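Participant: There's a structure below that I have some questions on.
Each value in this text was obtained by applying a stated rule to the coordinates, not by laboratory testing. Everything quoted here is computed from the prediction, not taken from an experiment. We place every Cβ from the backbone using ideal geometry, glycine too, and count neighbours over all the protein chains shown.
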Amino acid sequence: MKLFIINSSIGRKLIMSLSGLFLFLFLTLHCFLNMFLLGGPSAYTAVNDIMELPVVTIMVPILAAGFVIHILYALWLYWQNYRARGEVGYASGKKSETTSWAARNMVILGLVVLLFIVLHLTQFWAKMQLQSFLGGANQVHADQSYDLVANQFRNPIVSVLYIIWYWVLWFHLTHGFWSAFQTIGIDNKKWQPRLQIIGIVYATILAVCFTSINLYFLFGFGA
Amino acid sequence: MEKTIHITLKIWRQKGPQAKGAFETYQLNNISTDSSFLEMLDILNEKLISEKKETIVFDHDCREGICGMCSLYINGHPHGPDEDVTTCQLHMRKFKDGETIIVEPWRSRGFPVIKDLMVDRGAFDKIIQAGGFISVTTGGVPDANAIPISKEKADEAMDAASCIGCGACVAACKNGSAMLFVAAKVSQLALLPQGKIEASRRAKAMVAKMDELGFGNCTNTGACESECPKNVSISHIARLNREFLKAKLKD
């Protein structure tokens, strides 16, 4: 094997693909659990009690590693691709048709998503899980978490930013999903259009679910 | 009825690999819309000769779309604005009267400019030399039906084999990746019983050579497929990924 995941282009892409699919799974779980917000404080508190279990605590560094690997590999690949393009660009531009607009702009979309992740972590994770790692003195516990979310999302600026974020992420996911399968090699002429459509449907479901939570609080629903 | 057009050309001129290049503008009048793009460049070169100026260097050979020698990045597209043809089969009827046409060489670190519009595509030969062959003596021509091959496999292999190695995929790619070329060359052999035996070694050797020569990493944008004059599909890239990863996991 001799570390082909570092030394070969396809190996590096495999890491992008697998870490991307892992983050897809995380996002799905995140979205599913968040939907309990629509069920009121008691439903959400029950879910958050699960989040304080040790098994979740173990998953935190693994998840963080997933993010870090995906981002570092992306920057590394981008730098290599930038160099592979050569020093002189095309004066007449690049007008080639591609599979999607997102396909050409994955790095930019990814960086925008990353900026929002930082905001998102400071708003919630830093007040909840991080505090429990630090000893738990200032921790917002499960029973107060519903109010924390509700307060943040009732702020129109925060909610609008979040909704923009979900749809930037949507673009990133629509290309990312089928692209991951193409890279692993589970793709052919028949499955390429199918995977592309599944990716768009999947990303749309996630984005719509997340958006609905923000709109729910923004329009004054919830306890 | 012959129709003629007047055009303005902005052509990349570069004295040598190390020299700094720049665009030069040329006017051409009364170009027949029936002439091919390369014939138009021939007319321009004739004009330059009569003016005792240095002619424009560009690659060309068979001029019937099968040798893969012609290149040229024209108005934002490798092989110009027409679909599924090489530059030699591009005709001037695809351009409007009074249009400004920008002509550039392939741009990629793997394809350094030799002079003007000619680039060194020797990297593709090196990739082929690394493994794009079958290393057994096959003897005389075998009976056509001696080895059964399904129609689908034969068709897929033939589609991959239609790659002429022109390099338009690399030229179109925002990452300067040669994956479509390598995928076609790996696929055309991996799909057939004669080529399957060495499929692992071939995929590993050709990808290693491709990486070594400074081509970029594929991000599945599909620009290569849309510009390929032979319509080679990116499904071959998925097959290359599959062959390569299978080979690496076996090691």
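Participant: Provide the per-residue ³J(HN,Hα) series for segment A:128-137, in order, calculated from phi with Karplus coefficients 6.51, -1.76, 1.60 and θ = phi - 60°, each as a whole number of Hz, with x at glycine and proline positions.
Facilitator: 10, 5, 4, 5, 5, 5, 7, x, x, 5
Participant: Specify the angular offset, from 0 to 90 degrees and rounded to the nearest 10, of the alpha carbon long axis of helix B:37-50 from the longest principal axis of the alpha carbons in chain B.
Facilitator: That works out to roughly 50 degrees.
Participant: Using the Cβ atoms and a cut-off under 13 Å, what net charge is assigned to the surroundings of residue A:147, where Lys and Arg are +1 and Asp and Glu are -1? Mind showing how you got there, number by number?
Facilitator: Numbers: positive: A:127, A:154; negative: A:143.
Its environment carries a net charge of +1.
Participant: Calculate, in whole percent, how much of the Cα-Cα pair population of the protein assembly as shown lies beyond 39 Å. Before the final figure, lay out the partial values.
Facilitator: Values: 42315 of 112101 pairs.
Everything past 39 Å amounts to 38 percent.
Participant: Shifting gears a bit: Jot down the per residue volume, in cubic angstrom and as a whole number, of the convex hull over the alpha-carbon atoms of segment A:155-223. Please list the in-between numbers first.
Facilitator: On the way: hull volume 5.4 nm³, N = 69.
Cα-based convex hull of segment A:155-223, divided per residue, equals 79 Å³.
Participant: Mean-square fluctuation check for chain A, GNM, Cα pairs under 10 Å: which of A:124, A:133, A:210 is largest?
Facilitator: A:133
Participant: Still on this structure, please answer the following. Summing +1 for each Lys or Arg and -1 for each Asp or Glu, what net charge is found among the other residues whose Cβ lies under 15 Å from the Cβ of residue B:117? Intermediate values should be presented prior to the final figure.
Facilitator: On the way: positive: B:10, B:13, B:15, B:107, B:115, B:121; negative: B:24, B:42, B:54, B:59, B:61, B:104, B:116, B:120.
Net charge in that neighbourhood comes out at -2.
Participant: Roughly how far apart, in whole Å, are the Cα centres of segment B:194-251 and segment B:70-87?
Facilitator: Using only Cα atoms to place each centre, the spacing works out to 24 Å.
Participant: Which value at 222 nm does chain A reach when only helices count, each DSSP H run of 4 or more adding -39,500 (n - 2.57), with the total divided by all residues and rounded to the nearest 500 deg cm²/dmol?
Facilitator: Details: 10 runs with 165 residues, N = 223.
Roughly -24500 deg cm²/dmol at 222 nm, from the helical runs in chain A.
Participant: Which of A:59, A:16, A:51 moves most in a GNM of chain A, Cα contacts under 10 Å?
Facilitator: Of the options given, A:59 has the highest mean-square fluctuation.
Participant: Against the longest principal axis of chain A, how steep is helix A:191-218, in degrees 0 to 90 to the nearest 10, with axes from Cα atoms?
Facilitator: 30
Participant: In whole percent, what relative contact order does segment B:4-104 give with Cα contacts below 8 Å and a gap of six or more residues? Please report the intermediate quantities before stating the final value.
Facilitator: Numbers: 170 pairs, mean separation 34.4, N = 101.
34 percent.
Participant: Something else now. Could you check the spin-label model distance between residue B:32 and residue A:87? Points 7 Å from the Cα along Cα→Cβ, value in nm.
Facilitator: The two pseudo-label positions are separated by 4.3 nm.
Participant: Now for a separate question. Just to be sure I understand: with springs between alpha-carbon atoms less than 10 Å apart, which residue in A:212, A:96, A:132 has the highest mean-square fluctuation in the Gaussian network model of chain A?
Facilitator: A:96
Participant: Here's another thing I want to ask about it. Quick one: check the C-alpha center-to-center distance for segment B:48-63 versus segment A:108-156, whole angstrom.
Facilitator: Spelled out, the Cα-based centre of one part sits 66 Å from the other.
Participant: How high is the FRET efficiency from residue A:57 to residue A:119, r the C-beta distance, R0 22 Å, rounded to 0.05? Could the numbers behind the result be given before it?
Facilitator: Values: r = 23 Å, r/R0 = 1.06.
With a Förster radius of 22 Å, E is 0.40.
Participant: Once both labels are modelled 7 Å past Cα along the beta-carbon direction, what's the residue B:231-residue A:79 spacing in nm?
Facilitator: It is 4.2 nm.
Participant: Using alpha carbons only, how many degrees (0 to 90, rounded to 10) separate the axis of helix A:54-84 from the longest principal axis of chain A?
Facilitator: Between the helix axis and the principal axis of chain A, the angle is about 30 degrees.
Participant: Which residues in segment A:76-94 have a backbone N closer than 16 Å to a point placed 7 Å from the Cα of residue A:107 along the Cα-to-Cβ line?
Facilitator: In segment A:76-94, the label zone of residue A:107 (backbone N under 16 Å from the point 7 Å along Cα→Cβ) covers A:76-90, A:94.
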